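Enquirer: Got a structure here, written out as C-alpha cells. Questions coming.
The values are calculated or read from the model by the stated rules, or taken from the named source; none is laboratory data. Small disclaimer: the values here were computed from a predicted structure and weren't measured. Positions of Cβ are backbone-derived with ideal geometry, glycine not excepted, and every protein chain shown enters the neighbour counts. We work out accessible area using only protein heavy atoms, side chains counted, and drop any ligands, DNA or RNA first. Shrake-Rupley method; radii C 1.70, N 1.55, O 1.52, S 1.80 Å.
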Amino acid sequence: MSFIEKNWILILAMIVSGALLVWPLVQRRLSPAKEIGTLNVTQLINHENAVLLDVREPADAGGGRLPNAVHIPLSQLGSRGGELAKLTARPIVVYDALGRRAGAAGGALAKLGFGSIYTMQGGLKAWKDAGLPLEQTAT
C-alpha cells in the first residue's frame, strides 16, 4: 500500500497513457465509417458508383482531387451537408490529404442518412502513391 501512496502520480500517468493508446482502437470500432485502401475505393467506384467526398480545407486542397469528387471542407460539412442529401443511397468514400481527419466526417454523414460510409487510408497521398488518376482543380 505504501508503494501506491508514494507513486500515485506514476500510476496515474500509466493509466492515462494506456487509455490514450487504446482510445483510437475504441474510436474506430464506434465510428460509423470503415477504413479502406485505394484498391477497395476503386472497386466501390467501379461497381457501386460510390460518392467521393474531399474534406480537405481550401488551403490544403491543391494538387488535384479524385475524379468526380465533391469538395466540401470538413469545417463546412455541417452547414453544407444538405448538398449530399440526394446521394444517400450510394456508398460514400471520404478522404483528406493524409487520411487523418476524414474519419471525423463519419458522424455527420451518418446523420445525413448515409448507411455505407468509408474513409480512405492514407488519403490523397496514398491515391497519388498508387499512381491512380487525379482530376486537376482550378487554382
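Enquirer: With the other protein chains left in place, how much accessible area per residue, in square angstrom, belongs to the chain at a 1.4 angstrom probe?
Expert: 61 Å²
Enquirer: If you don't mind, another one. Please state the relative contact order of the chain as a whole percent: Cα pairs under 8 Å, 6+ residues apart?
Expert: Working: 197 pairs, mean separation 40.0, N = 139.
29 percent.
Enquirer: Let me ask you something else. Assuming a strict under-23 Å limit between Cα atoms, what lysine pair count do you get for the chain once near-sequence pairs (fewer than 8 apart, same chain) are dropped? Don't skip to the answer; put the middle values down first.
Expert: Numbers: 34/86; 34/111; 34/125; 34/128; 86/111.
Close lysine pairs under the 23 Å cut-off: 5.
Enquirer: So which residue, out of 45, 36, 11, gets the largest mean-square fluctuation from a GNM of the chain using Cα contacts under 10 Å as springs?
Expert: Of the options given, 11 has the highest mean-square fluctuation.
Enquirer: Another question, if that's okay. Using a 1.4 Å probe on the protein chains only, how many percent of the accessible area of region 12-139 belongs to carbon and sulfur? Please report the intermediate quantities before stating the final value.
Expert: Working: 4140 of 7330 Å².
Reported share for carbon and sulfur atoms: 57 percent.
Enquirer: Which value, in debye to the nearest 20, describes the size of the charge dipole of the chain about its Cα centre when Lys and Arg Cβ atoms bear +1, Asp and Glu Cβ atoms bear -1, and nothing else is charged?
Expert: Using only the charged Cβ atoms, the result is roughly 200 debye.
Enquirer: Please list, ordered by chain and number, the residues whose modelled amide H lies under 5 Å from the amide H of residue 121; skip anything fewer than 5 residues away on the same chain.
Expert: For residue 121, whose amide H was placed from the backbone, the distant partners under 5 Å are 36, 37.
Enquirer: Quick check on the chain: helices-only [θ] at 222 nm, where DSSP H runs of length 4 and up contribute -39,500 (n - 2.57) each and the sum goes over total residues. Nearest 500, please.
Expert: Details: 6 runs with 57 residues, N = 139.
That comes out to -12000 deg cm²/dmol.
Enquirer: By DSSP, what percent of the beta bridges with both residues in the chain are antiparallel, rounded to the nearest 5?
Expert: Antiparallel bridges make up about 5 percent of those DSSP assigns within the chain.
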